[in-house]
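K.L.:
The structure under discussion is supplied below as structure tokens; questions concerning it will follow.
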Amino acid sequence: MKKQPHITEQTKQNLIKAFLFLNSTREIQKITVNDICKIVSYNHSTFYQYFSDIYALRNAIENDLLQKLDLLFNTHLNNFLSENYLDVFLDFYSDHSEAFLILLGKNGDPFFYQKIKDTLRPIIFNTLSIDESTLENRYIIEFTMSAMINTITCWFENDKDISKNQLAKIQYSIISNGIIPLLKKTPEKNSLK
């Protein structure tokens, strides 16, 4: 008897949600297949139909996000230097915020942050036709990616305390104009605290 694809996908998503729930408060080393199965009321054999172990489950979540991120960036290449592009990226992060916050958080995968940058780096270099062999260019792109990822993560950790448009404008201004000119221009009373 063949399983129905929508039920199979729902079962997989339930296992993923249970893992993320546990990983939000525990390191992966302290999560067991039994813990996940208890939450979703599945047998161990059901878990092993989808994943070989806990690490394979986490890798599946990360790989899915990275593939979607790669597709997103490649789909919107023509808008790369516009504020609207940041909106697209913020929407993507927002749609997957639970997974991003957990995987990038204190109990998450310390290598996931690097995997994101490794996914974005070649797209950025190719899109902007930047010479990747130039050491200075590599540092500029590294700084920009790190700043964007950390700023968006901070925004979610602070419960989106400014609007998405404000954040996009801040990031776009930093990318376009640099940090120092913006800091000199920002009135003390309007600064974020």
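The values are calculated or read from the model by the stated rules, or taken from the named source; none is laboratory data. These figures come from a predicted structure and were not determined experimentally. Note: ideal-geometry Cβ built from the backbone for every residue, glycine included; neighbour counts use all protein chains shown. With ligands, DNA and RNA removed, areas are computed over all heavy atoms of the protein, side chains included. Shrake-Rupley method; radii C 1.70, N 1.55, O 1.52, S 1.80 Å.
K.L.:
Using the Cα gyration tensor of the range 1-69, with a ≥ b ≥ c the square roots of its eigenvalues, what is the shape: rounded (a/c below 1.5), prolate (a/b larger than b/c) or oblate (neither)? Spell out each step's value before the answer.
P.N.:
On the way: a/c = 1.90, a/b = 1.16, b/c = 1.64.
In terms of gyration-tensor shape, oblate.
K.L.:
Separate question: Can you give the Kirkwood hydrodynamic radius for the range 10-165, in Å, rounded to one decimal and based on Cα pairs?
P.N.:
Numbers: mean 1/r = 0.0587 Å⁻¹.
Computed over the range 10-165, the radius equals 17.0 Å.
K.L.:
In addition: Express the accessible area of the chain per residue in Å², computed with a 1.4 Å probe while the remaining protein chains stay in the model. List each step's numbers first, then the result.
P.N.:
Numbers: 11900 Å² over 193 residues.
Accessible area per residue, the chain: 62 Å².
K.L.:
If you roll a 1.4 angstrom probe over the protein chains with everything in place, what fraction of the accessible area of the chain belongs to carbon and sulfur, to the nearest %? If you can, show how the numbers build up before the last one.
P.N.:
Details: 6340 of 11900 Å².
Result for the chain: 53 percent of the exposed heavy-atom area is carbon or sulfur.
K.L.:
How do 21-29, 57-65 rank on mean C-beta neighbours within 10 Å, highest first? Present the calculation step by step, with values, prior to reporting the outcome.
P.N.:
On the way: 21-29: 15.0, 57-65: 17.7.
Final packing ranking: 57-65, 21-29.
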